[in-house]
1. Please report, ordered by residue number, the strands (runs of 3 or more DSSP E) entirely within the range 279-362 with at least 3 residues that are surrounded by 20 or more Cβ atoms within 10 Å (Cβ to Cβ).
2. Quick check on my filter: what residues within the range 258-278 are among the charged types (D, E, K, R) and either open to solvent by 20 Å² or more (accessible area, probe 1.4 Å) or not assigned by TED's automatic domain parsing to the domain that holds residue 241 (or both)?
3. Considering the range 137-178 alone, what residues qualify as being open to solvent by 50 Å² or more (accessible area, probe 1.4 Å) and farther than 26 Å from residue 119 by Cβ?
4. Looking at (1) modelled with pLDDT of 95 or more; (2) not in a helix (DSSP H, G or I), find the lone condition where residue 175 falls short.
5. Residue check, residue 54 against (1) more than 16 Å from the ligand (Cβ to nearest atom); (2) touching a strand residue (DSSP E or B) at 6+ places or on another chain (Cβ under 7 Å); (3) within 20 Å of residue 31 (Cβ to Cβ), all met but one. Which one?
6. Residues to consider are 55, 60, 85; find the one that is more than 30 Å from residue 13 (Cβ to Cβ), in contact (Cβ under 8 Å) with a residue 24 or more places away in the chain and buried (at least 22 other Cβ atoms within 10 Å of the Cβ).
7. Would you be able to say whether some residue in the range 236-251 is within 16 Å of the ligand (Cβ to nearest atom) and crowded, with 16+ Cβ neighbours inside 10 Å?
Amino acid sequence: MTPRVTATVDLAAIRHNLRVVRQTAPRSKVMAAVKADAYGHGAVAVARALEAEQVDGLAVACMEEALKLREAHLLHTPIALLEGVISIEEAALAVYERLQVVVHDHWQIALLEQLPDSAEVQVWFKLDSGMHRLGFPLSDVPRLVATLQRHPGWKLQGWLTHLSCADELDSPVTAQQIAVYRAALEGVPGPRSIANSAGLLAWPDARVDWVRPGLMLYGASPLPGKTGRELGLVPALTLESRLIAIREFAAGEPIGYGQTWRTPERMPIGVVAVGYADGVHRCLPSGTPLMVGGRRVPLVGRVSMDMVTVDLRPAPQAAVGDPVLLWGDGLPAEEVASYAGTLAYELFCGLTQRVRFRYRNG
Ligand SMILES: Cc1ncc(COP(=O)(O)O)c(C=O)c1O
């Protein structure tokens, strides 16, 4: 059976991008974000590739994601639960599975305190240095140090904070966040961790004991106006479908639902077997580029559930059955995402179960 829509993930690209992380932050350990199914790339395959390269740690959002990795025998690399645990059962499971727990609130401390004294809990404390999403206020640091002293079984992994504006290179926010975080931890022992991809690429002061890249490992740029390639990264995922029809229309004919686009002249329209049920955003407007035979062709008319239509004038040699690139090398996901008013993060995470995944260079 020929798959309609294929996502080809090049694991060599992910290994390359890890090397870029290491070159950029050579003194930092790397906790690779593989949450959200490795940003839609497939958490097990990606985590295996990263483990083979001796990545220092993996980060997932929640217990379910961590267990998926453990079930796939990813047993050697430390795994951190970025949102921590939400019940006493999860707390016990985290200890049993040797998962690192990010603790962001006092109610989570209360949960962990219900575990037996002998339980070895690996704890990251998350501090709120200005993002105001999760984290203890910086003024809580002395209280947290006292909590650790009360629980000799708890093993401190480090002090983590998250940057809210690391992709805004002219903003003073990141420097302020780093400064207040540093000041709050003055003289406090334990590893530090600040930077996501944008933080580690753009803010040298954020390259501390641990960095936590996600997006850049998948080869996309977290920085506006730059592609992954321009940052030395290699896009890991290529999304492709096929032309299933080519039809010639006279000038003035409407195309697709709502008749939102009309042919300006006699011209060929290609029908591509991919739609919003595969993860191609319905809001992508006419003019969004796709690629056929190495040439960019604009999307025309509305994205429907299973199909999109394209203007084939720039690719007159195109034939039914030809592959069509939705994004990948030569057509950056960042660029396609910008047409949908979103980021590559959302494009990656939006791929659905109907897409067939293939892995190269595992
Ligand atoms: C706490 C934390 N660290 C690191 C990351 C990785 O971020 P990025 O994909 O921007 O590198 C995320 C992602 O949202 C996160 O929530």
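1. On the way: elements: 289-292, 295-300, 308-311, 323-327, 356-360.
The qualifying strands (runs of 3 or more DSSP E) are 289-292, 295-300, 308-311, 323-327.
2. In the first step, residues of the range 258-278 are kept if they are among the charged types (D, E, K, R); the result is 262, 265-266, 278.
If the condition is that a residue be among the charged types (D, E, K, R) and either open to solvent by 20 Å² or more (accessible area, probe 1.4 Å) or not assigned by TED's automatic domain parsing to the domain that holds residue 241 (or both), then 262, 265, 266 are the ones that fit.
3. Within the range 137-178, 137, 139, 167, 168, 169, 170, 172, 175, 176 meet the criteria.
4. (2)
5. It fails just one condition, (2).
6. Details: 55 fails: more than 30 Å from residue 13 (Cβ to Cβ); 60 fails: more than 30 Å from residue 13 (Cβ to Cβ).
Within the list 55, 60, 85, the selection yields 85.
7. If we filter the range 236-251 for residues that are within 16 Å of the ligand (Cβ to nearest atom), which is where we start, we get 236-237.
Keeping just the survivors that are crowded, with 16+ Cβ neighbours inside 10 Å gives 236-237.
Yes, the conditions are met somewhere in the range 236-251.
Let's see how each residue does on (1) more than 18 Å from residue 151 (Cβ to Cβ); (2) within 16 Å of the ligand (Cβ to nearest atom); (3) part of a helix (DSSP H, G or I):
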position: 65; (1), (2), (3): yes, yes, yes
position: 75; (1), (2), (3): yes, no, no
position: 80; (1), (2), (3): yes, yes, no
position: 86; (1), (2), (3): yes, no, no
position: 91; (1), (2), (3): no, no, yes
position: 94; (1), (2), (3): no, no, yes
position: 107; (1), (2), (3): no, no, yes
position: 115; (1), (2), (3): no, no, no
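The values are calculated or read from the model by the stated rules, or taken from the named source; none is laboratory data. The model shown is predicted, which means the values in this text are computed figures rather than measured ones. Reconstructed Cβ throughout: ideal geometry from the backbone, glycine too, with neighbour counts over all protein chains shown. Side chains included, ligands, DNA and RNA excluded: accessible areas come from the protein's heavy atoms. Shrake-Rupley method; radii C 1.70, N 1.55, O 1.52, S 1.80 Å.
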